[in-house]
1. What pairs come up if the first residue lies in region 191-212 and is on the phi > 0 side of the Ramachandran plot and away from the ligand (no atom under 16 Å from the Cβ), the second is modelled with pLDDT of 95 or more and assigned to a helix (DSSP H, G or I), and their beta carbons are under 8 Å apart, counting only those six or more places apart or on different chains?
2. Can you tell me which residue within region 445-458, out of those that are open to solvent by 40 Å² or more (accessible area, probe 1.4 Å) and farther than 15 Å from ARG472 by Cα, is modelled with the lowest pLDDT?
3. For region 25-67, what are the residues that are surrounded by fewer than 21 Cβ atoms within 10 Å (Cβ to Cβ) and assigned to a loop (DSSP other than H, G, I, E, B)?
4. Which residue, of ARG394, ARG441, is at pLDDT 95 or above, over 30 Å from GLY122 (Cα atoms) and charged (D, E, K, R)?
5. Of the conditions (1) at pLDDT 95 or above; (2) more than 24 Å from the chain's Cα centre (by Cα); (3) not in a strand (DSSP E or B), SER388 satisfies every one except a single condition; which number is it?
6. Restricting attention to region 213-234, report how many residues are hydrophobic (A, V, I, L, M, F, W, C) and within 9 Å of the ligand (Cβ to nearest atom).
7. Tell me the residue from ARG92, ARG70 that is in contact with a helix residue (DSSP H, G or I) (Cβ under 6 Å, 6 or more places away or on another chain), among the charged types (D, E, K, R) and open to solvent by 10 Å² or more (accessible area, probe 1.4 Å), please.
8. Quick check on my filter: what residues within region 415-439 are farther than 15 Å from SER300 by Cα and either open to solvent by 50 Å² or more (accessible area, probe 1.4 Å) or of a type in the set (Ser, Thr, Tyr) (or both)?
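The values are calculated or read from the model by the stated rules, or taken from the named source; none is laboratory data. Note that the structure is predicted; figures quoted are calculated from it, not measured. Here the Cβ is made from the backbone with ideal geometry for all residues, glycine too, and neighbour counts use every protein chain on show. Keep in mind that these areas ignore ligands, DNA and RNA; they rest on the heavy atoms of the full protein, side chains included. Shrake-Rupley method; radii C 1.70, N 1.55, O 1.52, S 1.80 Å.
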Amino acid sequence: MDTSSTTLSLPEAPRDFGFFLNGQVIAAGDRDVFERHSPAHDVPVTRLPKCTPDDLDRAVAAARAAFVDRRWSGLSGADRAAVLLKAADGIRTRLDEIAYWETLESGKPISQVRGEVGGCVGMFEYAAGLARSLHGDSFNNLGDGIFGVVTREPVGVVGIITPWNFPFLILCERVPYVLASGNSIVAKPSEFTSASSVILGEILTEAGLPDGVFNVVTGLGPTVGQAMAEHMDIDMLSFTGSTRTGRAIVAAAGASNFKKLGLELGGKNPQIVFADADLEDAADGVAFGIGFNGGQCCVSGARLIVEASVADQFAKMVSDKMSKIVVGDPLDEATQIGAITTDAQNSTILGYIAKGQDEGAELVLGGAALDFGRGQFIAPTIFGNVTSNMAIAREEIFGPVLTVMPFDTLDEAIALANDSNYGLAASVWTKNIDKALTVTRQVQAGRFWVNTTLAGGPELPIGGFKQSGWGREAGAMGVEEYTQVKSTHIEIGKRTHWIG
Ligand code: TXE
């Protein structure tokens, strides 16, 4: 298999990946194996061990041992930064390989995955700087007899459960930040897209990360994932996935050791377009916001909320754009939307498309599966005449399905945008600074875009309001979230005695 050529072929046989424990890849041995079929090509592409809760225990024990003997947490920030920078180089070196296997497992377009993996290099480089700049606080104003110091310490053993929509990117929005302060990690990727997480283990070890600091258990959510949420020796768990599983994790954490949680859950994100916007830019942005990754994106701009005076004209502009999106083989460089990643997700999206029609919404574009002779693909879809009580306007569809709702006033636009259980992201398109700032202030969302959408990078934190989650990942906060704060009072000189 040559991944450097621009016309990539399918692998001749599925590649066996192990799981990653104590600095080594461990083959499946006598464990059951799950075989992943490419959702775009219907052929087996990877095989991974179905780890058991016993394997999880071994991984947690390895992470705990590494944390307790301070082989990583005891290093200086500068030494940790050096490893993270080498890992960034390692990702750069193996970028094509990661992109190839991730494309095959996920059905995402190869050009898109390369961009995502390239972005992960920046995550490691930025977090390396944070490893050096992480610091606490001091209080020199408590009087001559006492000095106060606030220090940050790593939390300990951190579990990371990731989904299938951005397997490597979501992992890398967490791992370098979690490592920056000295934590150890046990990661569990989605059973549909595990390969790139195991490759990251190899890269980290080659970069000099001590054995045991980063481990990957491959396996199923209800067994290994649930066992992580219940585990008494995992100090913190970062979960990205469905709101339903998020609830199970909160319950399990409460019933076990009250582990600290970071949760990034669902979204139903508004794209608010005012009549005074650059409508050409906005139309392209709205099409990108819902089309990117086939809409399988927690921050997808799924709800178009558009000023009534331009609603028809603008919906037509968006429809023209979306009808030109190139859907097809993700190994083709020109493809913009690949396959729908899981069978269940494919059924869910088609179910919502049928429901939208049953609910009385008007199908403006798409609305059907695309038949390429293999794989599962869905045409970019737009619904008009949508009202905010419809399921397609309220529930996360997680597919390339846009709903259109008009508004007359600024207040109405804000109310429509906030009429959701979720609060992950929002975009506003206008040339009027007052409208842009008013909307940005009043719409509840953890990430906001003004005259753009889906922009991101290592510097700005990510996370949600309302039922979209708890906590923040990335940016300086992405390191701080994975630390404990310790307040220390230090007596200077002779203590004033309590008992005379
Ligand atoms: O998610 P799950 P699914 C949303 C999206 C999608 C829906 C269902 O709307 O249609 O979720 O997707 C692990 N304890 N998002 O079913 O099950 C699982 O193995 C611990 C939004 O795939 O939540 C995987 O690693 N872990 C989202 C991860 O949880 C468990 C991205 C996510 O899978 C578990 C994905 C359990 N009991 C889906 N059960 C986003 N925020 O981007 C499963 N898992």
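1. Correct list of pairs: GLY208/ALA82; GLY208/VAL83; GLY208/LYS86; GLY212/ALA62; GLY212/ALA63; GLY212/ALA65; GLY212/ALA66.
2. Checked region 445-458; the qualifying residue modelled with the lowest pLDDT is ALA455.
3. The answer is ALA27, ALA28, GLY29, ASP30, ARG31, ASP32, HIS41, ASP42, VAL43, LYS50, THR52.
4. So the residue among ARG394, ARG441 that is at pLDDT 95 or above, over 30 Å from GLY122 (Cα atoms) and charged (D, E, K, R) is ARG394.
5. Of the numbered conditions (1) at pLDDT 95 or above; (2) more than 24 Å from the chain's Cα centre (by Cα); (3) not in a strand (DSSP E or B), the odd one out for SER388 is (1).
6. Within region 213-234, residues that are hydrophobic (A, V, I, L, M, F, W, C) and within 9 Å of the ligand (Cβ to nearest atom) number 5.
7. Of the residues listed, the single one that is in contact with a helix residue (DSSP H, G or I) (Cβ under 6 Å, 6 or more places away or on another chain), among the charged types (D, E, K, R) and open to solvent by 10 Å² or more (accessible area, probe 1.4 Å) is ARG92.
8. Residues satisfying the conditions are ALA415, ASP419, ASN421, THR430, LYS431, ASN432, ILE433, ASP434, LYS435, LEU437, THR438.
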